[in-house]
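Just so you know, all these numbers are worked out from the coordinates, no wet-lab data involved. Not measured: the values here are computed from a predicted model. In this analysis, Cβ positions are derived from the backbone assuming ideal geometry, glycine residues included, and neighbour counts consider all displayed protein chains.
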Amino acid sequence: MKSAMLTSLLLLSLTGLPTEAELKTQVARFAPTELKADLSQLPASEKTALAALVRAAKRLDSLFLAQVWGGNPSLLLSLSQDPSPLGKARLHAFLVNKGPWSRLDNDAPFLPGVPPKPPEAAFYPGDAKDEIQKLIQSGEGEVKKQVTSFYTVARRDPAGALVWRPYSEVYATELALVARDLEDAASATANASLKAFLSARAKALSSNDYKASDVAWMELDSAVEPTVGPYEVYEDGWFNLKAAFEAFITVLNVAESQKLATLSGQLQELEDHLPIDHEYRNAKLGASSPIKVVDEIFASGDANHGVQTAAYNLPNDEDLTREKGTKRVMLKNVQEAKFQKVLLPIARSVLAPKSQKLVSFDAFFTHVLMHELMHGLGPHESPPGSQKTVREALASDYSALEEAKADIAGLWALQQLVDKGVLPKELEKSMYVTFLASAFRTLRFGLNEAHGKGQALQLNYLLDKGAFTVGPGCHFDVDPAKVKDAVRDLTHDLMTLEAEGDKGKADALLGTLGLIRPDTKCALDKLGKVPVDIEPKFVTAEKLLAE
Ligand code: ZN
């Protein structure tokens, strides 16, 4: 699964199709941004492998377009032959959205003569929903396996019966070329784990069996860190079953990986000092899932449209994850680009002038890392020893409260590590204001989603404690004298609530604090012109291909 640092969307009411100027305004919500990575330490063998992987990734773009809608490939061809200014604006919008519908605007079409975006994509015949629904519910054996496979599509045979065809057959020609690129990369690399993954993945493209290569992906221990194949199921708007093609071609970020290792080494001690009753602490933390911090060189297909992915967890195959867990990949340079193009302008609008200059990417990203790690700390059962998970106990409130917990406990943990001298003292000045600015980035996209709701809860709690303040012009600020205690108190309250598993209390807390209050609305209203996200320009990849 992926997180894009936002979910719900700006609505634009359209009467008729957008003009050239309107299209440009739509696309300008994505600020063009160069994505770079430092390859100077990479041996020639790995650069050769990387270049082959970028070539493979480029091919997946056209496969993804064909998966979204059968009309896309010919539409792209005709758009690329239109030299008029309107034609160029349309092509740009098409490439950003991977199709003729604006993803930020409820999939409103922006080209003439196209149907509404088909929720079934090109995975199923448009008239087959009920028929497939029945097969999902009551199908058995091989049929059920075909229907629910990530890697099959449904078609009708000449007699009108549904048939299930593997990706390896439907996309055979293109996948053979992708496999060749992967094999080229496998022969180039000197890293055994990368060679193993790429060879296994190349085989999977023709066998349609992805399990062994998913395991090899989990076990990657390499400077070049590619994710390439059919993965996420969001594009299947009917059943979330069919995987779309994508690629993230990335390299390990050595400095951040070291920081992550430092933070991970502190987790048991943090757990032992959590501000909760000691019976709610874990005497021995379980092994946490692996996290990789990488820089993105190139992304394609499902990994490059509209709002850019900032981090993802894979694989999605539950048979596999029950046994092997998942791996989380965090795209540091993508997060930095979003920070520069979205978070800094937000900070300039909503923070008190004296605090704006304290906002820093290092504070932002260190907190993001800590947030991920803190999901693993604190109560996992409610009540402890009951074998009932916190998720079961808090049901519909769980996601918002767990996200709020990871956020606020992350902030608490950073303060502990600053106090211990594990993290630099300067971080203390920047981390609270950076957190405050970042709250508005999350809130901007509404409360319908766990991160937004959880963020509203935190903001209001900290305002009520006087840890955050609102001044003239709805400029927000941090009160350094009160913020540490308030962060510790909220960490205590949320973790205790998770341990007790009291759904009624959780409802009440979210009901009173999970709201946008007038001062917050006033600040959010100032953000209309701030970009929604970035449009990546893969300059390092292009340079690599040109070498
Ligand atoms: Zn989280």
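Subtracting the Cα-Cα distance of LYS429 and ASP525 from 0.36 nm times their residue separation leaves 31.9 nm of extension gain.
Extending 7 Å from Cα along the Cβ direction at LYS145 and again at ASP221 yields two label points whose distance is 3.4 nm.
Label-to-label distance, ALA212 versus ALA395, with points set 7 angstrom from Cα along the beta-carbon direction: 4.6 nm.
Proximity of backbone amide H atoms, modeled 1.01 Å from N, is registered between LEU351 and PHE476 at under 5 Å, excluding neighbours fewer than 5 places apart on the same chain. Sorting 371-383, 346-358 by their mean Cβ neighbour count within 10 Å, with the most densely packed peptide first, gives 371-383, 346-358. With 28 Å as the limit, the listed pairs LYS405/LYS521; LYS47/LYS327; LYS117/LYS526; LYS88/LYS341; LYS354/LYS529 have LYS117/LYS526 beyond it between alpha carbons. Computed 3J(HN,Hα) for region 527-533, one whole-Hz value per residue from the Karplus formula 6.51 cos²θ - 1.76 cosθ + 1.60 where θ = phi - 60°, is 9, x, 8, 6, x, 7, 6, glycine and proline marked x.
Given the options THR148, VAL478, GLY421, identify the residue whose Cα lies farthest towards the positive end of the charge dipole of the chain (+1 on Cβ of Lys, Arg; -1 on Cβ of Asp, Glu). Farthest along the dipole direction, towards plus: VAL478. Here the peptides 303-310, 420-427, 156-163, 25-32 are ranked by packing, the mean other Cβ count within 10 Å, and the order with the highest first is 303-310, 25-32, 420-427, 156-163. The distance separating the Cα centre of region 43-63 from that of region 91-116 comes to 28 Å. Phi angles across region 310-316 convert, under the Karplus curve 6.51 cos²θ - 1.76 cosθ + 1.60 with θ = phi - 60°, into 3J(HN,Hα) values of 9, 6, 8, 10, 9, x, 9 Hz, Gly and Pro given as x. Considering only C-alpha atoms, what is the centroid distance from region 440-464 to region 375-424, in Å? Centre-to-centre (Cα) distance: 17 Å. In the chain, a dipole from Cβ-located charges (positive for Lys and Arg, negative for Asp and Glu) runs towards its positive end, and of ASN253, HIS375, SER207 it is ASN253 whose Cα lies farthest in that direction.
When DSSP beta bridges are restricted to pairs lying wholly in the chain, around 75% turn out antiparallel. Loop-located trypsin sites (Lys or Arg not before Pro) across region 261-335 with a Cβ neighbour count of 12 or fewer within 10 Å are LYS284, with loop assigned by DSSP.
Length gained on full extension, ASP277 to LYS357: 25.0 nm, using 0.36 nm per residue less the C-alpha separation.
Close amide H partners of LEU111, meaning residues 5 or more places away or on another chain with modelled amide H under 5 Å apart, do not exist here. Rounded to the nearest whole Hz, the Karplus-based 3J(HN,Hα) values (6.51 cos²θ - 1.76 cosθ + 1.60, θ = phi - 60°) of region 337-342 follow the sequence 4, 5, 4, 5, 8, 10, with x at glycine and proline.
The C-alpha atoms of the chain define a longest principal axis, and helix 480-500 lies at about 70 degrees to it.
Find the lysine pairs in region 191-316 meeting two conditions, Cα atoms under 19 Å apart and a separation of 8 or more places or different chains, and report how many there are. Please report the intermediate quantities before stating the final value.
Values: LYS195/LYS203; LYS195/LYS211; LYS195/LYS292; LYS203/LYS211; LYS211/LYS242; LYS259/LYS292.
So the count of such lysine pairs works out to 6.
With each label modelled as a point 7 angstrom along the Cα→C-beta vector, the VAL422-SER84 pair spans 6.2 nm. Only helices enter the 222 nm calculation for the chain: every DSSP H run of n ≥ 4 contributes -39,500 (n - 2.57), and dividing by all residues gives -15500 deg cm²/dmol, rounded to 500.
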